[in-house]
């Protein structure tokens, strides 16, 4: 059985003067990813597919180098488009994110609608899965669209109750055949073989 995993990038270097898609991993995020790259459960991974955002690419590259494979970048796997507001301070960001998930058919403060972001991430994942290559697949991306993909795969309505735990660096897994969820969000340090 081939397993598909969706990993969110861990902690980033926050810089309000730099567009969010260009943020890179923080030293903590990099260290967490380097430790994860040693995990035995990654051994069957034959494809590492990354969002085009810098933090996701950096996460994917650390893992792919360890596995001896190239990453594939899919630009449309980016996080939900929040460019209308740019950087928001944490408390304000959380309020807007709550609205984003609570009202998926509405554009909250100009953000991409959750239903549109979900359709996009599902389309990208399904395009990769349709190739039907042997081995496990690791998608590396973001918490918002990752949660939307999880909701779709689990057959749940869009709801922030299904969001990853705080801090990033979490993953969920599902079987490629049948798309059954193997496990929900777990911190990457807690995933066993």
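All of the numbers you see were taken from the coordinates with simple rules; none came from a lab. Keep in mind that what you see is a predicted model, and the values were worked out from it rather than measured.
A few comments on the model shown:
- Rounded to 5, the percent of DSSP beta bridges in segment 3-190 classed as antiparallel: 45
- Gyration tensor (alpha-carbon) shape descriptor, segment 42-113, a/c threshold 1.5: prolate
- Mean-square fluctuations from a GNM of the chain, with a 10 angstrom spring cutoff on Cα atoms, peak among 150, 93, 174 at 93.
- Angle of helix 27-36 to the longest C-alpha principal axis of the chain, folded into 0 to 90 degrees and rounded to 10: 30°.
- Relative contact order (%) - the chain, alpha-carbon pairs under 8 angstrom, separation at least six: 31
- For the chain, a Gaussian network of Cα nodes joined below 10 Å ranks 25, 106, 138 by mean-square fluctuation, and the top entry is 106.
- Computed from Cα positions, the angle between helix 143-154 and the longest principal axis of the chain comes to roughly 60 degrees.
- Using alpha-carbon coordinates, inclination of helix 114-129 to the longest axis of the chain, degrees: 20
- One quarter of the surface of the convex hull around the alpha-carbon atoms of segment 29-175 equals 8.6 nm², the direction-averaged projected area.
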